[in-house]
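Structure first, then comments.
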Amino acid sequence: MSTPYAETMLDTHEVTNQPAPFAGFNAYDADRALVEGVRREGAGWAEPRLRALGGAAGDPDVQEQARLANRYVPELRTFDAHGRRIDQVAYHPAWHRLMTMAYGHAVHSLAWTERRKGAHVARAALSYLWNQIENGVGCPTGMSFAAIPALRADAELAAAWEKPLLSTEYDPRPVPAGEKTGATVGMTFTEKQGGSDLRANSTRAVPVDGGYRLTGHKWFCSAPMSDVFFTLAYVGDRATCFLVPRSLPDGTRNRFFIQRLKDKCGNRSNASSEIEFSNTLAWRVGEEGRGIANAIRMAHYTRFDFIFSSAGIMRQSLGFALHHARNRRVFQRTLVDQPLMTGVLADLALECEAALALGLRVARALDESDHEEAALFERLMTSVAKYWVCKRAPAFVAEALECHGGIGFVEELPLARLYREAPLNGIWEGSGNVICLDVRRALQRAPRTADVLFDELGLARGADRRFDTYATSLKSDFAPLLADEARGRELVERIALAAQASLLLRHAPSVVAEGFCATRLAGAGGRHFGASVRGLPARPIIERASGQDDG
Ligand SMILES: Cc1cc2nc3c(=O)[nH]c(=O)nc-3n(C[C@H](O)[C@H](O)[C@H](O)COP(=O)(O)OP(=O)(O)OC[C@H]3O[C@@H](n4cnc5c(N)ncnc54)[C@H](O)[C@@H]3O)c2cc1C
């Protein structure tokens, strides 16, 4: 077999004790928790699609495209050579290849095009797999996914835009909707004076023939080469949602001025810009005065997507850590067999499986949200899971990176990129505290939500003594926790852990469920990964996470 390595190239030493590149695997088949979860939550029919994307995640050429797209970051071209404004963003070809691939796999659209049970579970699993490839592209796919319900609320706009937005063809040409074979959506709400508090928006809209004209700025506008943008502006004192096209129906470009691109910590393949609207044409979406409610409805779907984005980041970094630890020897033993490392890896594997199980359960609730109880559960648990999974990701990735030693910190592997990426989902579309306030709002506005939650937790009652004690104490503390805004994080964290334990107790192998209860619900409660592993059945947990158990 030919290899890219020249055995004789180095005169001074042999390269030994370094793993082969982690590639050539299928990220779907190797992930037992994913395969079981997808089947359990009603999307077994999507397995051929998931397997196809799982193969791409393990393809070294695709991994290289992800590296290139983040290495050679987008550039703003404000003017052409002759001084005319063009407001274009130039991307490395790898970005366009990745966009073509993500849209081709329907990462943005499957939930809306497959009108069958499990469609949200299937698309969520696609998003989880995609986020093991490249996270910058996950921004436009997530926004395009989240925009569809809002668009469908307006029959005329839906008629114009739904077809290209749901298309699996990526078409980056700056042309009007009617000419696009595929389109992408951005969402730009955040302004300088306030992002969480959208009432602070200062952009103004005035009605004109054919729509409205907007004047103002947006402080964050990701994926600015999208075809159309949801935004917010005041008509008088009424905050209203609008759709802003980049190209007008007559083929000219709208007045959409990109001021600069943000120089960001992570998500570097994706452009995030600052923009100005100046007499910019826009179409109203929904009633005047309902803008914030409409924006929050869209944000809810992007929050849902972030659960899978952060879980995917965890899974990718875990896969790399397991591969490294299985193929590196230290002090006469394979790294994975050093007791301290065994504990760290098993603890990370537990976290990852729990994140995914929670996400897929929420996705099923979204599929079933015609039923009142499922809708209440989904409303609450999307925010709980968004908070918890996104919060766990940065510490998780840091640990997975550290499992590699120094090479983890080097840019050729994706760990450094994932480390920069990991905090982002916690920030956008509702930073941690804002999400905790949202959880309280869901529980206070619909008090039956708490009953639905405890009914769900009750399904695992009797399976584990530590879980029973934990769930009982959550129930008895619930009212005071909910009453005290300052304890919002405690409330959300305890709901998340109880829900994860309940799911693992019902559906995961007993080593995983028991390991989770032992390390998360009881005992000394170590504050970092690997610090609370007494009695943890680490070896079988690692075998399962590596796809090397009996399956
Ligand atoms: C890479 C990147 C891309 C982005 N892309 C987009 C985009 O495309 N479109 C878009 O609209 N926005 C985008 N954003 C902006 C993002 O959504 C906002 O940054 C986020 O919503 C927070 O708003 P803010 O920055 O104004 O912070 P603030 O609202 O000032 O919040 C600052 C901190 O205060 C906390 N806080 C706020 N209110 C409360 C409260 N009542 N009690 C306690 N704590 C509170 C928050 O949790 C946060 O930690 C992007 C951000 C990043 C980093």
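Here are the numbers:
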item	result
One residue from Ala293, Ala233 being more than 27 Å from Trp130 (Cα to Cα), without any contact (Cβ under 8 Å) to a residue 24 or more places away in the chain and touching a strand residue (DSSP E or B) at 6+ places or on another chain (Cβ under 9 Å)	Ala293
Selection within the range 395-438 - more than 13 Å from the ligand (Cβ to nearest atom), closer than 21 Å to Ser309 by Cα, hydrophobic (A, V, I, L, M, F, W, C) and surrounded by 21 or more Cβ atoms within 10 Å (Cβ to Cβ)	Phe396, Val397, Ala400, Leu401, Leu415, Leu418
Residue list for the range 192-228, restricted to those being within 16 Å of the ligand (Cβ to nearest atom), over 27 Å from the mean Cα position of the chain (by Cα) and buried (at least 21 other Cβ atoms within 10 Å of the Cβ)	Thr203, Leu214
Residues of the range 174-195 classified as part of a loop (DSSP other than H, G, I, E, B), of a type outside the set (A, V, I, L, M, F, W, C) and at pLDDT 95 or above, total	6
Odd one out for Arg284, checked against (1) part of a strand (DSSP E or B); (2) basic (Lys, Arg); (3) crowded, with 23+ Cβ neighbours inside 10 Å	(3)
Among the residues listed as Ala483, Ala531, Ala538, Ala518, the single one being over 25 Å from Ser383 (Cβ atoms), out of contact with any Lys or Arg (no Cβ under 9 Å at 6 or more places or on another chain) and surrounded by fewer than 22 Cβ atoms within 10 Å (Cβ to Cβ)	Ala531
Gly286, sole failed condition from (1) under 20 Å from Trp161 (Cα atoms); (2) modelled with pLDDT under 95; (3) within 14 Å of the ligand (Cβ to nearest atom)	(3)
Residue match in the range 129-148 (condition: surrounded by fewer than 24 Cβ atoms within 10 Å (Cβ to Cβ), closer than 24 Å to Asn270 by Cα and away from the ligand (no atom under 14 Å from the Cβ))	yes
Filter result for Arg39 (modelled with pLDDT of 95 or more, basic (Lys, Arg) and under 17 Å from Leu356 (Cα atoms))	yes
Residue in the range 179-191 that is closer than 16 Å to Glu287 by Cβ, surrounded by fewer than 19 Cβ atoms within 10 Å (Cβ to Cβ) and of a type in the set (Asp, Glu) present	no
Subset of the range 241-272 (residues that are among the basic types (Lys, Arg), away from the ligand (no atom under 13 Å from the Cβ) and not in a strand (DSSP E or B))	Arg246, Arg255
Single condition Ala446 does not satisfy, out of (1) surrounded by fewer than 21 Cβ atoms within 10 Å (Cβ to Cβ); (2) of a type in the set (A, V, I, L, M, F, W, C); (3) within 16 Å of the ligand (Cβ to nearest atom)	(3)
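The values are calculated or read from the model by the stated rules, or taken from the named source; none is laboratory data. Since this is a predicted model, take the numbers as computed values, not measurements. Reconstructed Cβ throughout: ideal geometry from the backbone, glycine too, with neighbour counts over all protein chains shown.
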